[in-house]
């Protein structure tokens, strides 16, 4: 006869990884999303998003941020408000797993912009960003890593008007 004292706690930890909060998951080794986590902290959003009840985070990879260089299409990287606006374009106020995403469906980001889902032969897309890693379970939702940063679009008319102001 085998005596079991606490069968759950005696299981090796390598079998189970408990979900963690967004900021911890984004900072974890090998995640390739630490730039997003650093910017969340800089924008004072870490605690806010970590405490949300249910979210989906479309996290640009470190490579996506590197491809942007210093050009963030009008986002002042030293302004917490500008950073918060940029980052909340990547967050949805409900958990949306890959299996929930349908072609041409639209989600709303916390910032208010539309996130159009496209399902193609080569994968799932959010606007023009391809989901490169999906269904990363968070303590309070789910994260998907994407290959592009969602940036501001300045309307051409506004750009033309501001270009000629002296």
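The values are calculated or read from the model by the stated rules, or taken from the named source; none is laboratory data. Nothing here was measured: the structure is a model prediction, and the numbers come from that model. Neighbour counts run over all protein chains shown; Cβ positions are idealised from the backbone, glycine included.
Here are the numbers for this structure:
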| item | result |
| --- | --- |
| Residue check, residue 57 modelled with pLDDT of 85 or more and in a helix (DSSP H, G or I) | no |
| Condition met for residue 118 (in a strand (DSSP E or B) and over 12 Å from the mean Cα position of the chain (by Cα)) | yes |
| Residue pairs meeting the criteria (Cβ under 7 Å; at least 6 apart or on separate chains; first within 15 Å of residue 40 (Cα to Cα), in the stretch 71-85; second part of a loop (DSSP other than H, G, I, E, B) and at pLDDT 85 or above) | 80/43; 80/44; 83/43; 84/43; 84/45; 85/111 |
| Residue within the stretch 85-108 that is out of contact with any strand residue (DSSP E or B) (no Cβ under 6 Å at 6 or more places or on another chain), part of a loop (DSSP other than H, G, I, E, B) and either modelled with pLDDT under 95 or within 25 Å of residue 30 (Cβ to Cβ) (or both) present | no |
| Among (1) within 22 Å of residue 43 (Cα to Cα); (2) out of contact with any helix residue (DSSP H, G or I) (no Cβ under 9 Å at 6 or more places or on another chain); (3) buried (at least 16 other Cβ atoms within 10 Å of the Cβ), the one test that residue 108 misses | (3) |
| Of all residues in the stretch 19-30 being part of a loop (DSSP other than H, G, I, E, B) and touching a residue at least 60 places away in the same chain (Cβ under 8 Å), the one that is nearest to the chain's Cα centre (by Cα) | 21 |
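Residues checked against (1) surrounded by fewer than 12 Cβ atoms within 10 Å (Cβ to Cβ); (2) at pLDDT 95 or above:
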residue	(1), (2)
113	no, no
116	no, yes
131	no, yes
145	no, yes
149	no, no
161	yes, no
164	yes, no
